[in-house]
Amino acid sequence: MVRIGQAIMLHRGGDREEARNRFAQLWTETGEQELFHRCTIAHYMADTQDDPRSELEWDRRALAAADALAGDEVRWGEHSLAVRCLYPSLYLNLAADHAKLGEDAPARRELARAREVAGELADDPYGQGIRAAIDRLGLQLDAGGREF
């Protein structure tokens, strides 16, 4: 998790390329059974992509890892709250990906899923930020805008 955090900090600091390189290395080093780590890596790797289709593919990988975790409650107990709170963001990212690609129906479907699970979020800055982003994307889709 330390190395994942370092890559996240690189990305947030503006070094997308180095962050992308580190996430790629972490992805190859992380085994398929390490679902929580793979979910986290893919979730952040998506944000480093330049191509919207690649971003969508990484967001799908993150969701697949989260779904696999959710199906294996015995092994993910220690991460259960983190995974439940990640779903609104995962669905929101998928919605935004589809919107960037001009795919209105899938964008609205994923946004609806994000809204359905947003109740899992705490009333803290993170939860408020995700809820606000869900609302903003909904307004953008309703206005037919493509500024994502």
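The values are calculated or read from the model by the stated rules, or taken from the named source; none is laboratory data. No experiment lies behind these values; they were computed from the predicted model shown. So basically every Cβ, Gly included, is an ideal-geometry build from the backbone, and we count neighbours across all protein chains shown. Ligands, DNA and RNA are stripped out before the accessible areas are found, and what is left, the full protein with its side chains, is counted by its heavy atoms. Shrake-Rupley method; radii C 1.70, N 1.55, O 1.52, S 1.80 Å.
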Most mobile listed residue (97, 47, 123) in the chain, GNM with C-alpha springs under 10 Å: 123
Chain lengthening between residue 103 and residue 32 when straightened (0.36 nm per residue, less Cα-Cα): 22.5 nm
Alpha-carbon Rg with Dmax, taken over region 90-148, Å: 10.9, 32
Computed label-point distance, nm, for sites residue 112 and residue 50 using a 7 Å Cα→Cβ extension: 3.6 nm
Reciprocal mean inverse distance between Cα atoms of region 1-76 - Kirkwood radius, Å: 12.4 Å
Within the chain, helix-based [θ] at 222 nm, where runs of 4 or more DSSP H residues each add -39,500 (n - 2.57), nearest 500: -25000 deg cm²/dmol
The chain: C-alpha gyration tensor shape, a/c 1.5 cut-off, then a/b vs b/c: oblate
Computed lengthening from residue 60 to residue 21, 0.36 nm per intervening residue step minus Cα-Cα distance: 12.1 nm
Accessible surface, the chain, averaged per residue in Å² (probe 1.4 Å): 54 Å²
